[in-house]
Amino acid sequence: SSRGKAALSKLILHDKSSGQNGQQHVYENWPDAGVDDEGKIQLAEQIADLDGSYPGGLPAYLSKAKALLQESADGTNPFEEFEASVPEGESLMFEDPDSNESGMSFSEAEQVGLTGIGDTVFVLVAGGLGERLGYSGIKLSLETNLLTNKSYLEVYAKYIQAMQRMAHLKTGQNHVRIPLVIMTSDDTDPLTRQLLEDNDNFGFEEGQVIIVKQDKVAALSNGNAGLSMKSQFEIETKPHGHGDVHHLLYREGLVDKWHSEGKKHVIFLQDTNALVINSVLPTLGVSIAKGFHMNSICIPRLAGEAAGAIARLEHKTDPEKSLVINVEYNQLDPLLSSQGDCKGDVADPATGYSPYPGNANNLVIEMGAYANTLNGEDKGVVIEFVNPKYKDDTRTEFKKPTRLECMMQDIPKLFQKEMGSDASIGFTTFDRWFTFSPAKNSLDAGVDHCSGGGNAPGTMSSAESDKYIQNQRKLKFAGMEIDVTEDEDLVPVAGIPITPGPRVILCPGFAITQREVVEKIEGGRITQRSALVLEGEGLKVKNLDLDGALIIRTGHGCDVTVDGLVVRNEGYVAEEIPEGADVPEEVAIRGYTMNKREATEIIITEPGKYTIGKDGVVTKIA
Ligand code: UGB
């Protein structure tokens with residue numbers, strides 16, 4: 001096609017004019033006309049696609065790559081002009097009502113957050129493949145836990161829908177509709193659409209979920225940015241990173257649209273951290289109270305952990321260029337090894353944690369400043385980097401092809417460019433148990449991570465276990481008699497330390513805020529072997545006595561008080577998968593299944609007022 005021909009000519013011209021002819025392997029030595037013409041056309045079309053999808057086109061991509069690869073080969077320190085220090089931030093602890101560095105208690109911050117949640121938009125970056133996890137499907141489809149079997153996407157969906165109801169209750173706003181954008185990639189797009197379709201959009205209204213797809217970029221096989229060929233007529237491509245999200249939202253005109261509709265904040269979530277939904281409201285509350293243009297959700301960081309660190313980067317000569325920003329985990333150790341005490345990415349012996357806050361990479365961004373920044377010179381294209389893995393110290397050959405990458409948490413640089421020192425960038429730290437336990441690693445990698453007790457496993461099983469522990473702590477806070485699993489109580493299953501129980505899921509539709517948990521739970525006791533699922537906004541549970549498994553689900557318009565219910569049954573038992581067993585991938589990455597031997601299930605869907613007494617009999621009283 002003429003489009004393909006034009007793109008190919010553009011590439012050849014760029015290559016020749018660079019004087020290096022680094023891409024000759026792409027367009028020379030083609031067989032004669034009439035032989036493999038389909039392949040040639042396919043390649044030219046692919047070049048046109050790569051050219052069209054990158055701001056500035058393929059030549060711009062290759063020129064940037066060449067410059068960055070040269071800097072990388074020379075060992076240039078990207079932070080040469082900066083000195084890193086530990087920044088001051090906000091911190092809010094669920095269990096400590098007096099933790100009010102932000103001038104608010106935890107619960108007050110949640111309540112302020114509720115005043116603004118109806119005017120938000122959620123963006124879920126979900127273009128990444130679960131390579132580290134050893135899972136070939138999409139991560140959003142993985143079951144967050146084996147009690148409810150709800151997928152990550154369903155948990156986020158139900159959370160957003162719960163926020164719509166709560167915004168209505170808090171502010172009286174009618175018909176609150178919080179849009180959800182999902183950023184997919186070629187790797188995840190069809191399966192994400194399928195997941196939504198198979199589940200009736202998880203209860204979202206028509207048009208409420210918007211999918212934007214990021215394009216992959218060309219892979220590069222050498223320091224001269226030579227395009228890596230998958231075959232003679234196909235260029236290898238790789239993901240460009242979650243940083244694409246900003247330019248995509250700009251390109252689709254979404255941010256200007258939301259801004260003009262009066263939406264006030266955009267909340268960015270990652271794909272496999274179900275815990276984080278607890279921290280959104282208080283973080284938004286801090287953003288509103290402090291007028292932050294950007295606020296990152298943080299946790300105490302384990303030294304050496306694969307989580308970025310928030311640092312204050314002080315520019316050595318120009319204070320206007322200083323900023324608070326994420327330093328990615330692969331860059332932190334070299335940076336800290338080259339400055340101060342040169343000890344690198346090590347723990348502070350006083351706390352056992354890195355002195356730098358860990359980036360959970362969930363961002364709350366104020367809409368006005370965001371729209372203004374995206375409409376600026378860079379159109380939301382965040383700074384890129386290369387991270388080639390070299391074969392040896394000569395830093396010339398790569399172990400495998402590399403590419404330009406970018407990260408969404410680098411947006412402060414664009415804020416700074418557009419707004420100078422008026423850009424107000426903050427972060428809010430929460431307890432790890434409350435906020436952070438993503439599923440990113442295979443069981444083997446998880447075992448490596450936590451051997452020696454140093455690091456978090458980051459497996460599907462630890463993510464599930466941490467969800468249960470989080471809910472144990474919430475029930476304990478509300479006054480229930482319940483074992484809270486401490487580190488020394490964890491038991492290894494498939495090599496990963498997990499909670500022996502109780503296993504508890506408080507669905508987003510039951511309670512999110514501290515105030516709700518305290519109002520809806522009163523007294524009661526749960527034994528360690530028990531499993532409990534509570535779902536339904538009008539449900540209250542008093543003096544529960546549980547030894548076994550109990551599921552209570554109540555529908556909209558159901559006002560249900562459980563009082564003094566006693567449950568005794570065989571309950572649920574986690575069963576480890578024997579080594580080498582032939583099981584599906586999603587089972588293998590968790591390492592166990594849940595044997596649901598016996599449970600008491602109470603499901604009420606018809607609106608009305610009900611009580612449930614000691615023996616579980618449901619009585620409708622209105
Ligand atoms: N993602 C995309 O949507 N597109 C892409 O091209 C790539 C990813 P990873 P990693 O949580 O502790 C991030 O791979 O390397 C999505 C932060 O950069 O899980 O663990 C993908 O689907 C780091 O600072 O990222 O690092 C997923 O939802 C730290 O906070 C998200 O982007 C770390 O997460 C993250 O992708 C963390």
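The values are calculated or read from the model by the stated rules, or taken from the named source; none is laboratory data. If you're wondering where the values come from, they're calculated on a predicted model, not measured in any experiment. Methodologically, a virtual Cβ is constructed for each residue, glycine included, from the backbone with ideal geometry; neighbour enumeration extends over all protein chains shown. Just so you know, the surface numbers come from the protein's heavy atoms only, side chains and all, with ligands and any DNA or RNA stripped out. Shrake-Rupley method; radii C 1.70, N 1.55, O 1.52, S 1.80 Å.
Structure values in brief
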item	result
Test for Lys150: is it within 30 Å of Glu598 (Cβ to Cβ), open to solvent by less than 50 Å² (accessible area, probe 1.4 Å), at pLDDT 95 or above and more than 16 Å from the ligand (Cβ to nearest atom)	yes
Every pair of residues 6+ apart whose Cβ atoms lie under 6 Å, when the first sits in the stretch 169-185 and is of a type in the set (S, T, N, Q) while the second is away from the ligand (no atom under 11 Å from the Cβ) and in a strand (DSSP E or B)	Thr184/Ile211
Any hit, the stretch 362-376, residues being free of Cβ contacts under 8 Å to residues at least 40 places away in the same chain and within 16 Å of the ligand (Cβ to nearest atom)	no
Some residue of the stretch 259-266 being away from the ligand (no atom under 15 Å from the Cβ), on the phi < 0 side of the Ramachandran plot and of a type in the set (Ser, Thr, Tyr)	yes
Single unsatisfied condition, Gln470 versus (1) out of contact with any Leu (no Cβ under 7 Å at 6 or more places or on another chain); (2) more than 16 Å from the ligand (Cβ to nearest atom); (3) part of a helix (DSSP H, G or I)	(1)
Filter pass, Val181 being hydrophobic (A, V, I, L, M, F, W, C), open to solvent by 10 Å² or more (accessible area, probe 1.4 Å) and either within 16 Å of the ligand (Cβ to nearest atom) or over 18 Å from Val125 (Cβ atoms) (or both)	no
Pairs where the first residue, in the stretch 289-309, is farther than 10 Å from Leu363 by Cα and within 13 Å of the ligand (Cβ to nearest atom) and the second is among the charged types (D, E, K, R) and part of a loop (DSSP other than H, G, I, E, B), C-beta under 7 Å, 6+ apart	Gly304/Asp345; Ala307/Arg301; Gly308/Glu328; Ala309/Arg301
Residues of the stretch 212-256 classified as outside any helix (DSSP H, G or I), within 24 Å of the chain's Cα centre (by Cα) and away from the ligand (no atom under 16 Å from the Cβ), total	1
Qualifying residue in the stretch 442-449 (condition: under 19 Å from Ala588 (Cα atoms) and assigned to a loop (DSSP other than H, G, I, E, B))	yes
Of the criteria (1) closer than 24 Å to Glu71 by Cβ; (2) of a type outside the set (Gly, Ala, Ser); (3) surrounded by fewer than 19 Cβ atoms within 10 Å (Cβ to Cβ), which one Pro349 fails	(1)
Any hit, the stretch 319-329, residues being within 20 Å of the chain's Cα centre (by Cα), more than 16 Å from the ligand (Cβ to nearest atom) and open to solvent by 10 Å² or more (accessible area, probe 1.4 Å)	no
Set Arg515, Arg553, Arg529: member being open to solvent by 20 Å² or more (accessible area, probe 1.4 Å) and part of a helix (DSSP H, G or I)	Arg515
Unique residue being touching a Pro at 6+ places or on another chain (Cβ under 8 Å) and either at pLDDT 95 or above or within 24 Å of Glu234 (Cα to Cα) (or both) when the list is Leu69, Leu62, Leu58	Leu69
Residue satisfying all of: in the stretch 335-388; in a helix (DSSP H, G or I) and of a type in the set (Ser, Thr, Tyr); nearest to the chain's Cα centre (by Cα) among these	Tyr370
Any hit, the stretch 476-496, residues being in contact with a strand residue (DSSP E or B) (Cβ under 6 Å, 6 or more places away or on another chain), within 30 Å of Ile117 (Cα to Cα) and open to solvent by 50 Å² or more (accessible area, probe 1.4 Å)	no
